[in-house]
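The next block holds one structure in the form of structure tokens; read it before the comments.
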Amino acid sequence: MSFIEIFAIALGLAMDAFAVSLSAGGCGRSSGHGAAFRLSLSFGFFQFMMPVIGWYGGIRIASIMEPVDHWIAFGLLAFVGIRMIRAGLDHRFEAYQTDPSKGWTLFLLSIATSIDALAVGLSIALLGVSIWYPSIIIGVVAALLSLIGLHLGCRLGERFGKRMEVIGGVILIGIGVRILIEHLLM
């Protein structure tokens, strides 16, 4: 695989992480260098590791995960998205009681945005290509786009306030629906 092919795959995989980072920044709870570091490191790491797991797991893991991976991603993204919409519409409710770049929320978002990378790892294994170079590119691109998304989301959140939480929630649910439709139509 050429660098251009790997980079195109990495960009496609990183779009979910970018959108989630945009939403996390827009909610106003994830700001500063610490949040940027945690979010971009976690998203980049999961995007790096999932292809490796898919590559090593081969057909066994893929056959187990494939029937439900899209449902898992949809459920996690819809859960967080609904909370964000609710917080944007009801000023007494907070989508995130804490910073979404910490703890279980970060873990769940990292998994939800990187499940597709598992299938990419399996595909790379079927091509007989080493996984390390593509996984590094995938992880670095995801980390960089997450960082950009978080900073952009923070700026938009400052400008648009609670409306950004509604928009962010709709984006997360939209990503989940897109993942679900793509897998159901295959």
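The values are calculated or read from the model by the stated rules, or taken from the named source; none is laboratory data. From a predicted model like this one, the values you see are computed outputs, not experimental measurements. Positions of Cβ are backbone-derived with ideal geometry, glycine not excepted, and every protein chain shown enters the neighbour counts.
From the list V120, V141, V177, V129, exactly one residue is of a type outside the set (G, A, S) and part of a loop (DSSP other than H, G, I, E, B). Which is it?
Exactly one of V120, V141, V177, V129 is of a type outside the set (G, A, S) and part of a loop (DSSP other than H, G, I, E, B), namely V129.
For L108, all conditions in the list (1) more than 16 Å from I6 (Cα to Cα); (2) surrounded by 24 or more Cβ atoms within 10 Å (Cβ to Cβ) hold save one; what is the number of the exception?
(2)
Within the set of pairs 6 or more residues apart or between chains, which connect a residue that is within 22 Å of S42 (Cα to Cα) inside region 108-137 to a residue that is among the hydroxyl-bearing types (S, T, Y) with Cβ atoms less than 6 Å apart?
S110/S42
Return the pair list, or none, for Cβ contacts closer than 6 Å from residues in region 63-84 that are of a type in the set (F, W, Y) to residues that are buried (at least 21 other Cβ atoms within 10 Å of the Cβ), at least 6 apart or on different chains.
F74/G176; F74/I179
If you go through region 57-66 one residue at a time, do you hit one that is modelled with pLDDT of 75 or more, assigned to a helix (DSSP H, G or I) and of a type in the set (K, R)?
No, there is no match, as no residue in region 57-66 is modelled with pLDDT of 75 or more, assigned to a helix (DSSP H, G or I) and of a type in the set (K, R).
Would you mind telling me which numbered condition in (1) closer than 19 Å to F37 by Cβ; (2) touching a residue at least 40 places away in the same chain (Cβ under 8 Å); (3) not polar (S, T, N, Q) G103 fails?
(2) is the only condition that G103 fails.
Can you tell me which residues in region 1-32 are modelled with pLDDT of 80 or more, farther than 16 Å from I175 by Cβ, buried (at least 20 other Cβ atoms within 10 Å of the Cβ) and among the small types (G, A, S)?
Of everything in region 1-32, just one residue is modelled with pLDDT of 80 or more, farther than 16 Å from I175 by Cβ, buried (at least 20 other Cβ atoms within 10 Å of the Cβ) and among the small types (G, A, S), namely A10.
Let's see how each residue does on (1) charged (D, E, K, R); (2) within 16 Å of the chain's Cα centre (by Cα); (3) surrounded by 15 or more Cβ atoms within 10 Å (Cβ to Cβ):
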residue	(1), (2), (3)
L156	no, no, yes
F160	no, no, no
V170	no, yes, yes
V177	no, yes, no
M186	no, no, no
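Just to be sure before I move on: is G149 of a type outside the set (K, R), at pLDDT 80 or above and assigned to a helix (DSSP H, G or I) in the structure I sent?
Judged against the criteria, G149 is a match.
Could you look through region 111-136, keep only residues that are surrounded by fewer than 18 Cβ atoms within 10 Å (Cβ to Cβ) and more than 21 Å from I72 (Cα to Cα), and pick out the one that is farthest from the chain's Cα centre (by Cα)?
My answer is G128.
Given the conditions (1) modelled with pLDDT of 75 or more; (2) under 17 Å from G157 (Cα atoms); (3) not in a helix (DSSP H, G or I), report the number of the one that Y96 does not fulfil.
That leaves (1) as the condition not met.
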